[in-house]
Amino acid sequence: MYAVLALLGGVFYREFTKGLSYVDKTTLSVVHVHYLVLGTVFFLLLLLLQKSFFFEDKKTNVAIFLYHVGLNLTCAMFWVRGILQVTLTPLSDGLDGMVSGFAGIGHVILGVSLLLLLVFIYLNVFKKKKQEKE
């Protein structure tokens, strides 16, 4: 799913900016990379780690759910900010702050969930090593 969203993000960025003859920087340009790396590549790597070190439990599932929420909220705000930039929509300070705030919340959720996942993987690696010694 994230690969499809990455492709859609890239195509939308290219066609939307070309259609409106927009040549300046826009946050639409980062949607493709975020979904490709933090969505597709991240979950492929997580799958490989899961095969090596079994770490799927309720805590891990909550962290993965939060990761999805954080990634999609962050990218949604990239879409919103980028479309507003390309269409040259004037923003009030309140609306500008709101978009930035939601993007920041998405980044925080993404970061916290990533740290949780890394901690759970780390703990399970040592649990597996301990079980192998016994």
Note, the stretch 83-100: 3J(HN,Hα) by Karplus (6.51, -1.76, 1.60, θ = phi - 60°), whole Hz, Gly/Pro = x, goes 5, 5, 5, 5, 7, 6, 6, x, 10, 6, 4, x, 5, 4, x, 5, 4, 5
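By its C-alpha gyration tensor, with a ≥ b ≥ c as the square roots of the eigenvalues, how is the stretch 23-89 shaped: rounded for a/c under 1.5, else prolate for a/b larger than b/c, else oblate? Can you show the working numbers first?
Values: a/c = 7.44, a/b = 2.46, b/c = 3.02.
Because a/c hits 1.5 or more and a/b fails to exceed b/c, the stretch 23-89 counts as oblate.
How much length is gained if the chain between residue 88 and residue 107 is pulled fully straight, taking 0.36 nm per residue apart and subtracting their Cα-Cα distance, in nm to one decimal? Provide the component values of the computation, followed by the final result.
On the way: separation 19, 0.36 × 19 = 6.84 nm, distance 2.48 nm.
Stretched out fully, the residue 88 to residue 107 stretch lengthens by 4.4 nm.
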Taking 78-87, 119-128 and ranking on average Cβ neighbours within 10 Å, highest first, one gets 78-87, 119-128
Here, residue 133 and residue 59, labelled 7 Å along Cα→Cβ, have an inter-label distance in nm of 1.9 nm
Fewest-first ordering of 89, 60 by Cβ atoms within 10 Å yields 89, 60
Whole-Hz Karplus couplings 3J(HN,Hα) for the stretch 41-48, θ = phi - 60° and coefficients 6.51, -1.76, 1.60, Gly and Pro as x, run 5, 4, 6, 5, 5, 4, 4, 5
Shape descriptors of the chain over alpha-carbon atoms, Rg and Dmax in angstrom, are 18.5, 66
Residue separation between residue 44 and residue 79 times 0.36 nm, minus their alpha-carbon distance, gives in nm 10.2 nm
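Quote to one decimal, in nm, the extra length available between residue 12 and residue 126 on full extension: 0.36 nm per residue of separation minus the C-alpha distance between them. Could the numbers behind the result be given before it?
On the way: separation 114, 0.36 × 114 = 41.04 nm, distance 4.43 nm.
Length difference between fully extended and current span is 36.6 nm.
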Applied in sequence order to the stretch 8-13, the curve 6.51 cos²θ - 1.76 cosθ + 1.60 (Karplus, θ = phi - 60°) yields integer Hz couplings, x standing for Gly and Pro, of 4, x, x, 5, 4, 4
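Report relative contact order for the stretch 2-129 in percent, whole number only (criteria: Cα-Cα under 8 Å, sequence separation at least 6).
31 percent
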Expected sort for 28-35, 52-59, 39-46 on mean C-beta neighbours within 10 Å, highest first, is 28-35, 39-46, 52-59
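Values quoted throughout were computed directly from the atomic coordinates according to the rules given, and no laboratory measurement underlies them. Computed from a predicted structure; not experimentally measured. Quick reminder, even Gly has a Cβ in these numbers, built from the backbone with ideal geometry, and neighbours come from all protein chains shown.
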